[in-house]
Ligand code: DAH
């Protein structure tokens with residue numbers, strides 16, 4: 001018994017010394033295993049308790065337990081110290097280092113260009129109008145004097161939507177639903193020109209609007225095409241409106257957008273909703289940088305009398321002009337971007353350049 005009790009204190013002191021000296025958490029764990037693990041020295045001592053007599057056991061057990069509590073306390077204390085040490089920075093803090101800046105988000109280049117266009121038109125009294133991207137054939141084509149056999153109405157170019165009501169499931173046959181189109185077609189608008197009609201249907205003249213918005217065409221994506229892209233439509237209706245007004249307005253806006261030395265020219269063209277119709281080319285340092293003097297940028301013209309008839313405006317009284325251009329194209333020229341798909345990939349390395 002005396003021999004047993006004598007072993008406790010030296011073992012305890014040695015174990016305490018080992019625990020307290022542990023330089024890191026791994027060493028501390030090793031020290032714990034050495035004394036308190038299942039094959040540890042202290043555990044071995046406790047196993048000897050069983051060999052003692054009934055009379056010896058209480059005193060010996062008490063002494064061993066006290067020592068064990070002391071070791072466990074020392075272990076917990078050293079662990080807390082070492083955990084704190086591990087959590088603290090290894091290097092001293094250098095308070096002279098510059099602070100970390102948060103990355104501030106930016107507007108998408110297409111949004112920036114759209115906002116610039118809208119700002120220019122607002123200066124000369126245009127209001128922003130809006131219309132649905134899911135359109136009907138009437139507003140996208142018929143009301144714009146585009147005949148039923150016009151190639152733009154071909155399913156090659158337009159995304160037509162299936163009418164939910166026209167998907168008729170035959171419950172007896174178990175056949176897949178058939179598509180029988182009995183209702184007027186709905187489609188994804190192919191241009192923002194449909195909004196001209198929607199606005200004129202709702203308000204009497206005069207009208208002075210621009211319509212930025214998304215449009216859809218069945219194009220395969222390549223460097224210059226994408227099935228969705230953006231346009232800005234313009235419409236001005238009043239008494240005695242002339243091609244001169246159109247040209248002056250377009251010139252003003254393009255000079256603001258592309259630089260004051262920008263020149264524009266009109267080339268005769270055909271659109272079913274304008275007569276006469278033109279394509280607009282522009283020339284600036286930007287076009288010359290792209291190796292061209294003139295670049296085609298927009299379509300425009302004087303609103304066709306039939307379009308006025310379709311919305312109930314008297315073409316004998318009212319005159320007007322309209323135009324439409326692609327926002328991507330303007331952004332590409334402005335920023336020297338050679339692939340339209342870059343706008344839609346959401347690659348931060350591309351986007352943060354603007
Ligand atoms: N809608 C035409 C297009 O998508 C652009 C256009 C041409 C719009 C002439 C007009 C216009 O308002 O008068 O290509």
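Which one of 72, 56, 137, 83 is touching a residue at least 24 places away in the same chain (Cβ under 8 Å), in contact with a strand residue (DSSP E or B) (Cβ under 8 Å, 6 or more places away or on another chain) and either surrounded by fewer than 16 Cβ atoms within 10 Å (Cβ to Cβ) or within 30 Å of residue 310 (Cα to Cα) (or both)?
137
Of (1) more than 35 Å from the chain's Cα centre (by Cα); (2) surrounded by 19 or more Cβ atoms within 10 Å (Cβ to Cβ), residue 309 satisfies all except one. Which?
It fails just one condition, (2).
Considering the range 1-17 alone, what residues qualify as being in contact with a helix residue (DSSP H, G or I) (Cβ under 9 Å, 6 or more places away or on another chain) and within 13 Å of residue 70 (Cα to Cα)?
Across the range 1-17, the qualifying residues are 8, 9, 11, 12, 14, 15, 16.
From (1) within 15 Å of the ligand (Cβ to nearest atom); (2) without any contact (Cβ under 8 Å) to a residue 24 or more places away in the chain; (3) in a helix (DSSP H, G or I), pick out the condition that doesn't hold for residue 309.
With (1) within 15 Å of the ligand (Cβ to nearest atom); (2) without any contact (Cβ under 8 Å) to a residue 24 or more places away in the chain; (3) in a helix (DSSP H, G or I) applied to residue 309, the lone miss is (1).
In the range 182-201, how many are assigned to a loop (DSSP other than H, G, I, E, B) and within 14 Å of the ligand (Cβ to nearest atom)?
5
Residue 106 is checked against (1) modelled with pLDDT of 95 or more; (2) under 27 Å from the mean Cα position of the chain (by Cα); (3) in a loop (DSSP other than H, G, I, E, B) and fails just one. What number does that condition carry?
Unmet for residue 106, out of (1) modelled with pLDDT of 95 or more; (2) under 27 Å from the mean Cα position of the chain (by Cα); (3) in a loop (DSSP other than H, G, I, E, B): (1).
Any residue that is buried (at least 19 other Cβ atoms within 10 Å of the Cβ) and either closer than 30 Å to residue 103 by Cβ or free of Cβ contacts under 8 Å to residues at least 12 places away in the same chain (or both) - is there at least one of those in the range 314-327?
Yes, there is a match, as at least one residue in the range 314-327 is buried (at least 19 other Cβ atoms within 10 Å of the Cβ) and either closer than 30 Å to residue 103 by Cβ or free of Cβ contacts under 8 Å to residues at least 12 places away in the same chain (or both).
Could you check how many residues of the range 194-203 are touching a residue at least 12 places away in the same chain (Cβ under 8 Å) and surrounded by fewer than 14 Cβ atoms within 10 Å (Cβ to Cβ)?
Summing the residues that are touching a residue at least 12 places away in the same chain (Cβ under 8 Å) and surrounded by fewer than 14 Cβ atoms within 10 Å (Cβ to Cβ) in the range 194-203 gives 1.
Identify, by number, the condition in (1) under 33 Å from the mean Cα position of the chain (by Cα); (2) at pLDDT below 85; (3) within 15 Å of the ligand (Cβ to nearest atom) that residue 216 doesn't meet.
Condition not satisfied by residue 216: (2).
Does residue 152 satisfy the condition of being surrounded by fewer than 20 Cβ atoms within 10 Å (Cβ to Cβ), within 12 Å of the ligand (Cβ to nearest atom), at pLDDT below 85 and over 21 Å from residue 125 (Cα atoms)?
Considered against the rule, which asks whether it is surrounded by fewer than 20 Cβ atoms within 10 Å (Cβ to Cβ), within 12 Å of the ligand (Cβ to nearest atom), at pLDDT below 85 and over 21 Å from residue 125 (Cα atoms), residue 152 comes out as yes.
Could you check how many residues of the range 244-295 are surrounded by 15 or more Cβ atoms within 10 Å (Cβ to Cβ) and within 16 Å of the ligand (Cβ to nearest atom)?
Going through the range 244-295 one residue at a time, the tally reaches 22.
Please tell me if residue 237 is within 13 Å of the ligand (Cβ to nearest atom), part of a helix (DSSP H, G or I) and either in contact (Cβ under 8 Å) with a residue 24 or more places away in the chain or within 26 Å of residue 190 (Cβ to Cβ) (or both).
Numbers: within 13 Å of the ligand (Cβ to nearest atom): yes; part of a helix (DSSP H, G or I): no; either in contact (Cβ under 8 Å) with a residue 24 or more places away in the chain or within 26 Å of residue 190 (Cβ to Cβ) (or both): yes.
Criteria not met by residue 237.
Quick test for you: out of 105, 131, 125, pick the one residue that is under 30 Å from residue 203 (Cα atoms) and exposed (fewer than 10 other Cβ atoms within 10 Å of the Cβ).
Answer to the selection: 125.
Within the range 257-264, can one find any residue that is in a strand (DSSP E or B), free of Cβ contacts under 8 Å to residues at least 60 places away in the same chain and touching a strand residue (DSSP E or B) at 6+ places or on another chain (Cβ under 7 Å)?
Yes; the residues of the range 257-264 include at least one that is in a strand (DSSP E or B), free of Cβ contacts under 8 Å to residues at least 60 places away in the same chain and touching a strand residue (DSSP E or B) at 6+ places or on another chain (Cβ under 7 Å).
The values are calculated or read from the model by the stated rules, or taken from the named source; none is laboratory data. Since we're looking at a predicted model, the values are computed, not measured. With ideal geometry, Cβ positions are generated from the backbone for all residues, glycine too; neighbour counts draw on all protein chains shown.
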